[in-house]
1. Quick check on the exposure proxy: order Tyr92, Tyr54, Tyr152 from fewest to most C-beta atoms within 10 angstrom.
2. Pop the C-beta distance of Val97 and Thr69 into the FRET formula with R0 = 25 Å and round what comes out to the nearest 0.05.
3. Rounded to the nearest 20 Debye, what is the dipole magnitude of the chain about its Cα centre when Lys and Arg each give +1 and Asp and Glu each give -1 at the C-beta?
4. Which of these values of Rg and Dmax of the Cα atoms in Å was calculated from the structure shown: [x] 19.1, 63; [y] 23.2, 73; [z] 17.9, 57?
5. Along the Cα→Cβ direction, 7 angstrom out, place labels at Leu62 and Gln199. What is the inter-label distance in nm?
6. Pick out, from Gly72, Gly161, Val138, the residue whose Cα sits farthest towards the positive end of the charge dipole of the chain, with +1 on the Cβ of Lys and Arg and -1 on the Cβ of Asp and Glu.
7. Take the chain, connect every pair of alpha-carbon atoms lying under 10 Å apart with a spring to form a Gaussian network, then pick out the residue of Leu233, Leu30, Leu159 with the largest mean-square fluctuation.
8. At Lys127 and Gln26, where each label point lies 7 Å from the Cα along Cα→Cβ, what is the point-to-point distance in nanometres?
Amino acid sequence: MQKKTVLVTGSTSGIGLAIAKAFAQQGYNLVFNGLETDGAQTAAAVAEEYGIDYLFDPANMLDPEALRTLIGQAEQKFGGIDVLVNNAGIQYVSPIVDFPEEKWDAIIGINLTAPFHLIKAVWPTMKNRQFGRIINIVSAHGLVASEFKSAYVAAKHGLVGLTKTAALEGATCGITANAICPGYVKTPLVDQQIAAQAQVHQISEKDVVEKVILAKQAIKQFIPAESVAAMCLFLASEAAATLTGASLSIDGGWSAQ
């Protein structure tokens, strides 16, 4: 059987890297994407470790033409994208009245508009093959809101809606679309938030984790990136062929409250 190919955006660090490694372990061809300066080296190291074929492209999520080029290169090399994981995202925290408009535009662009462009670009080949898996890494903030995160919450709620629409349109041609909604995953970006909040609130990093970061989760633990990756593997599998349009929480009970 021909190997399947997965594209994971934002896959050279954090959650995206964990997802990429999980698919690599299963023998998928990998299309890596990321803006880190060592992104190409990270992609090469994963490919070598698991003995897979790969492509790395540092396409900026704010550049629709670069995204179309990314898909074109991947289709030329591998014949098509079987699994699209929209993972890349950014965050900014501020009251609405002070929220910088350029930050709003960037957050909506990367977290919502980029997935639209990528879904649109992979759709024709997926439809022609009568197979496709679209997996959007959303957030608990796609289901619930928090203060001072207007752009992020709006984008993630929008991504849930886009997921449902793609699921309905793909139902007759073998394409499924689902959203994974994690709570806080301990990544380098979250580590930075913890340190910054400790300084601002003049409390310990331990108190930041317990009283600020994980305050809304019933299970006071970070979500392992590997758990998100495992859910992606399931959604990409034949076992999930009839699971579509779902928003799957892995948030320690946050959205159950």
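1. Ascending number of Cβ neighbours within 10 Å: Tyr92, Tyr54, Tyr152.
2. It comes out at approximately 0.05.
3. Details: 18 positive and 23 negative charges, 147 e Å.
The dipole of the chain has a size of about 700 debye.
4. [z]
5. Label at Leu62, label at Gln199, 2.3 nm between them.
6. Gly161
7. Leu233
8. 2.6
No value in this document is a laboratory result; all are computed from the given coordinates. Computed from a predicted structure; not experimentally measured. Using ideal geometry, Cβ is built from the backbone for each residue, glycine included, and neighbour counts are taken over all protein chains shown.
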